[in-house]
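Just passing along the structure, written as structure tokens.
Each reported figure results from applying straightforward, stated rules to the coordinates on display, with no laboratory input. All figures in this text were calculated on a predicted structure; none of them were measured in a lab. Glycine also receives a Cβ, built like all others from the backbone with ideal geometry; neighbour counts cover every protein chain displayed.
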Amino acid sequence: MYRILVVEDDFGIATAIAEQTKLWALDTRCVENFMDVMADFAEYDPHLVLLDISLPFFNGYHWCSEMRKVSKVPIIFISSASDNMNIVMAINMGADDFIAKPFDQSVLMAKIQAMLRRSYDFAGSLPLLEHRGALLSTGDNTLSYHEQVIELTKNEYRILLALMENKGKVVSREKLMERLWETDSFVDENTLTVNVNRLRKKLDAAGLTDFITTKFGVGYFVG
């Protein structure tokens, strides 16, 4: 399991990041002692660091510099101070990327996955999303369950990805259609319904009955 160190003093943001990364089978630790961030860094030995600029005692630039003295670990700055000067300074201090707050969790996860692939050659071993024993592979658009491999269309994969990223929460039909629009093809209400029904039939045939639940008038969730 790959380790993510979150250096963020906003407890709400840090907790939300930790919950999201755990959905992708990434181990995560949030720093609590901002006087000595390097103690956590040395003990945890992370594969990637998410680092805010504005922190108690010493700012993120200081800790980035300290980390770069002993490690080449990928560092992504996350900050609302996203003007060009701060972005340039972060990169010059040794950061690998910069994400402006507020950010979408899906964008953050895409950045993390891309950074991990580039840094550790994740080819063929991309993170998996798991629910009820089913494993969704982000590498080849397939779902595995009890030694079965369920082939998914691009739209079916995007629907299931959105639902499993937010398991336990209802994902609105509007949000799902937005995700499908990322395929560069317009999707209307009827097309979404057809895709969800086709996906359900595949899941039922594999033994995953009632995997997708409808919240009438709102959207869907995995249960």
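Want the number for Ala114 to Trp181: 0.36 nm per residue separation, take away the alpha-carbon distance, what's left?
22.0 nm
What do you get for GluC sites (Glu not before Pro) in the stretch 1-87 restricted to DSSP loop and a cutoff of at most 12 other Cβ within 10 Å of the site's Cβ?
Glu32
On full extension of the chain, what length is gained from Asn190 through Lys72, given 0.36 nm per residue of separation minus the C-alpha to C-alpha distance?
Contour length minus Cα-Cα distance gives 37.6 nm.
Another question, if that's okay. Estimate the FRET efficiency between Asp210 and Lys101 by the formula 1/(1 + (r/R0)^6), using the beta-carbon distance for r and 35 Å for R0, to the nearest 0.05.
After rounding to 0.05, the efficiency reads 0.40.
Compute a Gaussian network model of the chain, connecting alpha carbons closer than 10 Å, and tell me which residue from Tyr61, Tyr44, Tyr120 fluctuates the most.
Comparing Tyr61, Tyr44, Tyr120 in a Gaussian network model of the chain, the most mobile one is Tyr120.
Starting from the Cα of Asp36, step 7 Å along the direction of its Cβ; do the same at Met85; then give the gap between the two resulting points in nm.
In this crude label model, Asp36 to Met85 measures out at 3.4 nm.
Please compute the net charge surrounding Arg132, taking Lys and Arg as +1 and Asp and Glu as -1 over other residues with Cβ under 12 Å from its Cβ.
Computed value for this residue: -1.
What does the charge count around Ile4 come to, taking other residues whose C-beta lies under 10 Å from its C-beta (Lys +1, Arg +1, Asp -1, Glu -1)?
My count for the surroundings of Ile4 gives +2.
Here is a further query. If you build a Gaussian network model of the chain, linking Cα atoms that sit under 10 Å apart, which residue out of His47, His62, His131 swings the most?
It is His62.
Still on this structure, please answer the following. Please list, ordered by chain and number, the residues whose modelled amide H lies under 5 Å from the amide H of Thr138; skip anything fewer than 5 residues away on the same chain.
Residues meeting the criterion, in which the H sits 1.01 Å from N, are Leu129.
Cβ under 12 Å from Glu32's Cβ, Glu32 left aside: what net charge do those residues give with Lys, Arg +1 and Asp, Glu -1?
Within the 12 Å Cβ shell, the charges total -3.
OK, next. Convert each backbone phi in the stretch 145-162 into a coupling constant with the Karplus relation 6.51 cos²θ - 1.76 cosθ + 1.60 (shift: θ = phi - 60°), then list the ³J(HN,Hα) values in order as whole Hz, x for Gly and Pro.
Coupling constants for the stretch 145-162: 8, 6, 6, 9, 10, 9, 6, 10, 6, 4, 5, 4, 4, 5, 5, 5, 4, 4 Hz.
Which pairs break 24 Å Cα to Cα here: Lys22/Lys202; Lys111/Lys201; Lys154/Lys201; Lys72/Lys111; Lys111/Lys215; Lys22/Lys201?
Distance filter (> 24 Å) returns Lys22/Lys202; Lys111/Lys201; Lys111/Lys215; Lys22/Lys201.
Sticking with this structure for a sec: Taking Cα atoms, how many degrees apart are the long axis of helix 189-205 and the longest axis of the chain, rounded to 10 and kept between 0 and 90?
80 degrees
A further question follows. Run the dipole for the stretch 150-222 about the Cα centre, Lys and Arg Cβ at +1, Asp and Glu Cβ at -1, nothing else charged, and hand back the magnitude in debye, nearest 20.
With only Lys, Arg, Asp and Glu charged at Cβ, the dipole is about 220 debye.
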